[in-house]
Amino acid sequence: MTEFKIAVIGLGYVGLPLARLFATKYPVVGYDINRNRISELMEGNDSTLEVESSQLQSVLVPDNPVASMLTKEEGGHSSGLFCTFDQGELRNCNIFIVTVPTPVDRNNRPDLTPLIKASETVGNVISSGSVVIYESTVYPGATEEDCIPVIERVSGLKFNRDFFAGYSPERINPGDKEHTVEKIQKVTSGSTPEVAELVDDLYRSVINAGTHRAPSIKVAEAAKVIENTQRDINIAFVNELAKIFNRMGIDTHDVLKAAGTKWNFLPFKPGLVGGHCIGVDPYYLAQKSQEYGYHPEIILAGRRINDGMGEYVASEVVKLMIKKGIPVKGAKALMLGVTFKENCPDIRNTRAVDIYRELTEYGLEVTVYDPWANPREVLEEYGIPSIPVLPEKDGYNAIILAVAHRDFINLNLRELKKPETVIYDVKGILDVSIVDGRL
């Protein structure tokens, strides 16, 4: 392959930063089925806030750079990013990188629908000699057992003869401006030794942190899924500790701070575990392990603990209200934050909504304030109204800090309190002198 002509399929939190990075060196066509998303990107704006407008605008080109290369048009683009919702624009690309979500359904079973549909898209436009690289988090074997057969069926091409595959798991951390895509070492793999080398060369050409070539696609898939499973289990451990120490009247954060003075103590903190990785990936590994006849006890136990933390927080808030003599039914509560993590607009699989739902079950009237979240998206995804501007200071019976946005750190909660108000700090960032409880 003499020239890389890249298509990135899925322009969300993972796909757009990657497409932008590759576009600094290669011609890139970014594809997404969301027409509104394409419109905003071609105008130089990214609503996920992962790519700065100046960065995006510096690589955007007004027409397909791959087509410009092929037709040898004067003034054609040797690099740059063109975003489209038209599958036809992907033809003549020879590298297809799939970066679509891999969610779970309501029963926490892996939902490969976006991945299968993206594979169908690739099958419609792929040509002989091309390489398909998957970045979406999956269980070991998904690329070769679930995705490749779809491409073969749609395209009529034969795997490892007419086209090839690779897997390079995404390591995007939404909202993190320090560990950006080019600064994180990339795991790569390929379906043949030659393709593995090609895939590694491709990523190494733009990733400053370097690459690690895994011996097989399955190894690369497994490495990705255990990265987040490990974090999930460690957070579940400290969440369980928080429940134990709360019963003992011991501050969990004080305990962790003391234990953290040992050089090899792992600095995990209790909290809600949401998002599109840590709260989802363990279910992919669990599903596959059960297909092999093994029931993963620690993985699923960790998931049960973490999935139940929203309910636990709500019950603790209600207990504190009762101790203070505050009537629960009809009480007014303010929940600060609804995104899945701080300083980020991402609401995917946020567990903050569990607190909201449980409090409303107790009969509280809950106002959700989050300056980072899009109220329309929150309402469409969860059926929960939210506001992006701090409500009027008319007093609340309970205030719950659910997300550690920097906007909340210096918030004057005393102005929002009634004479008797419970303040609960899920993230452990508020002055302990003003809080009644925290994880």
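Give the residues of the range 112-139 that are farther than 20 Å from residue 31 by Cα and surrounded by fewer than 23 Cβ atoms within 10 Å (Cβ to Cβ), sorted by residue number.
Step one: filter the range 112-139 for residues farther than 20 Å from residue 31 by Cα, giving 128-129, 138-139.
Scanning the range 112-139 gives 128, 129.
Out of the residues in the range 281-317 that are assigned to a loop (DSSP other than H, G, I, E, B) and touching a helix residue (DSSP H, G or I) at 6+ places or on another chain (Cβ under 8 Å), which is least open to solvent (accessible area, probe 1.4 Å)? First the steps, then the outcome.
Step one: of the range 281-317, the residues assigned to a loop (DSSP other than H, G, I, E, B) are 292-296, 308.
After this cut, where a residue has to be touching a helix residue (DSSP H, G or I) at 6+ places or on another chain (Cβ under 8 Å) as well, the list is 295-296.
Details: 295: 103, 296: 7 Å².
Checked the range 281-317; the qualifying residue least open to solvent (accessible area, probe 1.4 Å) is 296.
Would you tally the residues in the range 193-217 being open to solvent by 30 Å² or more (accessible area, probe 1.4 Å) and in a loop (DSSP other than H, G, I, E, B)?
Of the residues in the range 193-217, 5 are open to solvent by 30 Å² or more (accessible area, probe 1.4 Å) and in a loop (DSSP other than H, G, I, E, B).
Residue by residue through the range 122-145, note down the ones that are assigned to a strand (DSSP E or B) and within 23 Å of the chain's Cα centre (by Cα). First the steps, then the outcome.
Looking only at the range 122-145, we keep the residues that are assigned to a strand (DSSP E or B), and these are 131-134.
Across the range 122-145, the qualifying residues are 132, 133, 134.
Specify which of the listed residues (152, 135) is farther than 23 Å from residue 201 by Cα, in contact (Cβ under 8 Å) with a residue 24 or more places away in the chain and acidic (Asp, Glu). Quick ask: steps written out before the conclusion?
Numbers: 135 fails: farther than 23 Å from residue 201 by Cα.
Answer to the check: 152.
In the range 86-121, how many residues are in a loop (DSSP other than H, G, I, E, B) and within 19 Å of residue 153 (Cα to Cα)?
The initial filter retains those residues of the range 86-121 that are in a loop (DSSP other than H, G, I, E, B), namely 86, 91-94, 99-103, 105-109, 111-112.
Checking the rest, the ones that are also within 19 Å of residue 153 (Cα to Cα) come to 91, 94, 112.
Qualifying residue count, the range 86-121: 3.
Which one is modelled with the lowest pLDDT among residues in the range 325-355 that are basic (Lys, Arg) and in contact with a helix residue (DSSP H, G or I) (Cβ under 9 Å, 6 or more places away or on another chain)?
The qualifying residue modelled with the lowest pLDDT is 348.
Does residue 225 fit the bill of being part of a helix (DSSP H, G or I) and surrounded by 20 or more Cβ atoms within 10 Å (Cβ to Cβ)? Give the steps one after another, and end with the answer.
Values: part of a helix (DSSP H, G or I): yes; surrounded by 20 or more Cβ atoms within 10 Å (Cβ to Cβ): yes.
Yes: the conditions hold for residue 225.
Of (1) surrounded by fewer than 20 Cβ atoms within 10 Å (Cβ to Cβ); (2) more than 14 Å from residue 272 (Cβ to Cβ); (3) among the polar types (S, T, N, Q); (4) in contact (Cβ under 8 Å) with a residue 24 or more places away in the chain, residue 360 satisfies all except one. Which?
Looking at each condition in turn, residue 360 falls short on (4).
Taking into account only those residues within the range 244-260 that are out of contact with any Ser or Thr (no Cβ under 9 Å at 6 or more places or on another chain) and in contact (Cβ under 8 Å) with a residue 40 or more places away in the chain, which is surrounded by the most Cβ atoms within 10 Å (Cβ to Cβ)? Reasoning before the result, please.
Kept after step one, since they are out of contact with any Ser or Thr (no Cβ under 9 Å at 6 or more places or on another chain), are these residues of the range 244-260: 247-260.
Applying the additional criterion that residues be in contact (Cβ under 8 Å) with a residue 40 or more places away in the chain yields 251-253.
Details: 251: 15, 252: 21, 253: 19.
Per the stated criteria, the residue is 252.
Of these, 434, 423, which one is within 21 Å of residue 269 (Cα to Cα) and surrounded by fewer than 16 Cβ atoms within 10 Å (Cβ to Cβ)? Full working, then the answer.
Numbers: 423 fails: surrounded by fewer than 16 Cβ atoms within 10 Å (Cβ to Cβ).
Selected residue: 434, the only one of 434, 423 that is within 21 Å of residue 269 (Cα to Cα) and surrounded by fewer than 16 Cβ atoms within 10 Å (Cβ to Cβ).
Of everything in the range 150-177, what is open to solvent by less than 30 Å² (accessible area, probe 1.4 Å) and assigned to a strand (DSSP E or B)? Give them in sequence order.
163, 165, 166, 167
The values are calculated or read from the model by the stated rules, or taken from the named source; none is laboratory data. The structure presented is a predicted model; accordingly, all values stated were derived computationally and were not measured. In this analysis, Cβ positions are derived from the backbone assuming ideal geometry, glycine residues included, and neighbour counts consider all displayed protein chains. All accessible areas refer to the heavy atoms of the entire protein, side chains included, with ligands and DNA or RNA removed. Shrake-Rupley method; radii C 1.70, N 1.55, O 1.52, S 1.80 Å.
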